[in-house]
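Engineer: Sharing a structure below in structure tokens format, with a few things to ask.
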Amino acid sequence: MAESSKFDTLVSAYAKSRPTYPAEIFDSLQEFSGRALSGARVADVGAGTGIAARQLQERGAAVTAVELSEPMLRQLVSQSPGVGAVMGSANALPLRAESVDFVTFAQAWHWVDPDLAVPEVIRVLKPGGALACFWNMPTADASWRLGYNDRIRELIGGEPDYGNDSTALDQEPRIELGSRWSHLPVEVFQTHWSRPVPLEDRITNIMSRSYASEVEPERMAEFLDAERAILLGHFPDGMVVEEYTTWLGVVRRP
């Protein structure tokens with residue numbers, strides 16, 4: 001399979017299977033920042049297929065999604081009417097200085113270089129605006145997930161590449177702010193939740209991971225068949241209950 005086809009397949013899997021974010025995250029973001037999302041201007045960076053951007057828009061925000069991947073951006077535009085979309089990265093945000101109330105990174109901050117990205121975030125935020133980073137983290141000790149991380153490590157021959165490593169397997173997330181801005185306080189909120197999904201949607205979720213396209217197709221198919229058998233052992237009705245902890249960190253611009 002060509003590299004572009006591999007990535008298009010990954011994008012489709014991402015759009016179909018990745019979870020949204022619980023409402024409490026957006027409530028806490030408003031509380032920590034002292035600003036309402038309704039009427040706010042938001043730059044959602046590393047927006048992927050637009051999962052968080054659409055939720056922010058539903059809260060009344062005017063959202064500009066910033067994404068470096070053209071296939072991801074195409075998917076976002078097709079699914080997110082009313083959300084602005086521009087190609088760009090956290091290292092060089094295509095936005096005016098002091099033009100947004102919030103800069104959000106959903107499932108994305110661990111890919112950035114903080115020494116490059118934080119000055120850009122500070123530049124585009126209005127005074128008193130806020131950076132918000134949040135992640136959905138699978139509950140590692142859920143009975144059906146026991147041993148899953150070890151199986152992934154065996155499949156890919158080591159640890160997944162997670163950029164600055166803030167969401168590596170078995171590791172708590174954190175917001176690295178780089179050397180210049182490390183003094184800024186980070187307010188943190190976490191919430192636990194779950195969602196039922198058809199077993200094949202869970203399999204698609206596995207296929208949406210960035211490392212999945214690097215595994216030989218036959219080997220990946222064998223791995224997925226083994227995972228199906230494990231899941232059916234725990235969920236014989238074919239509905240998998242995915243359990244998550246969602247972590248939010250908020251940093252206000254001085």
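Engineer: Express the carbon and sulfur contribution to the solvent-accessible surface of region 9-120 as a percent, rounded to the nearest whole number, probe 1.4 angstrom. Don't skip to the end; give the middle numbers.
Structural biologist: On the way: 2170 of 4420 Å².
With neighbouring chains kept in place, the figure for region 9-120 is 49 percent.
Engineer: Would you kindly state how much longer the chain becomes between Glu172 and Gln79 on full extension, computed as 0.36 nm times their sequence separation minus their alpha carbon distance, in nm to one decimal? Don't skip to the end; give the middle numbers.
Structural biologist: On the way: separation 93, 0.36 × 93 = 33.48 nm, distance 3.09 nm.
Full-extension gain reported as 30.4 nm.
Engineer: Can you give the accessible area per residue of the chain, in Å², using a 1.4 Å probe? List each step's numbers first, then the result.
Structural biologist: On the way: 11610 Å² over 254 residues.
Ligands and nucleic acids excluded, the result is 46 Å² per residue.
Engineer: Explain nothing, just the number: relative contact order of the chain, from Cα pairs under 8 Å at least 6 residues apart, as a whole percent. Write out the running numbers ahead of the final one.
Structural biologist: Working: 445 pairs, mean separation 60.6, N = 254.
Computed value for the chain: 24 percent relative contact order.
Engineer: For region 110-254, place one equal point scatterer on every Cα, skip the solvent, and apply the Debye formula. What is log10 of I(q)/I(0) at q = 0.10, 0.19 Å⁻¹?
Structural biologist: Computed log10 I(q)/I(0) values: -0.45, -1.15.
Engineer: Still on this structure, please answer the following. Taking the Cα centre of the chain as the origin and placing charges on Cβ (Lys, Arg +1; Asp, Glu -1), which of Gly48, His234, Asn136 is farthest toward the positive end of the dipole?
Structural biologist: Ranked along the dipole, the leading option is Gly48.
Engineer: Let me ask another. Quick one: if you stick a label point 7 Å off each Cα along the C-beta vector at Glu31 and Ala226, how many nm between them?
Structural biologist: 4.3
Engineer: Let me ask something additional. Nothing charged except the Cβ atoms of Lys and Arg (+1) and of Asp and Glu (-1): what's the magnitude of the dipole of the chain about its Cα centre? Round to the nearest 20 debye.
Structural biologist: Working: 23 positive and 35 negative charges, 206 e Å.
In debye, rounded to 20, the chain gives about 980.
Engineer: Give, as ranges by residue number, the residues of region 48-64 whose backbone N falls under 18 Å from the point 7 Å along Cα→Cβ of Glu70.
Structural biologist: Residues 48-49 fall inside that zone.
Engineer: Would you mind computing Rg(Cα) / (2.2 N^0.38 Å) for region 21-64, counting N as its residues?
Structural biologist: Numbers: Rg = 9.8 Å, N = 44, 2.2 N^0.38 = 9.3 Å.
Against the compact-globule rule of thumb, the ratio is 1.06.
Engineer: Continuing with this model, one more query. Report, in cubic angstrom per residue, the convex hull volume of the C-alpha atoms of the chain. Don't jump to the answer; show the numbers that get you there.
Structural biologist: On the way: hull volume 30.9 nm³, N = 254.
Per residue, the Cα convex hull of the chain comes to 122 Å³.
Engineer: Let me ask something additional. Starting from the Cα of Thr139, step 7 Å along the direction of its Cβ; do the same at Ser38; then give the gap between the two resulting points in nm.
Structural biologist: The modelled label-to-label distance comes out at 3.3 nm.
The values are calculated or read from the model by the stated rules, or taken from the named source; none is laboratory data. Just so we're clear, the structure is a prediction, and the values are computed from it rather than from any experiment. Quick reminder, even Gly has a Cβ in these numbers, built from the backbone with ideal geometry, and neighbours come from all protein chains shown. Areas reflect the complete protein model, heavy atoms only, side chains present, ligands, DNA and RNA absent. Shrake-Rupley method; radii C 1.70, N 1.55, O 1.52, S 1.80 Å.
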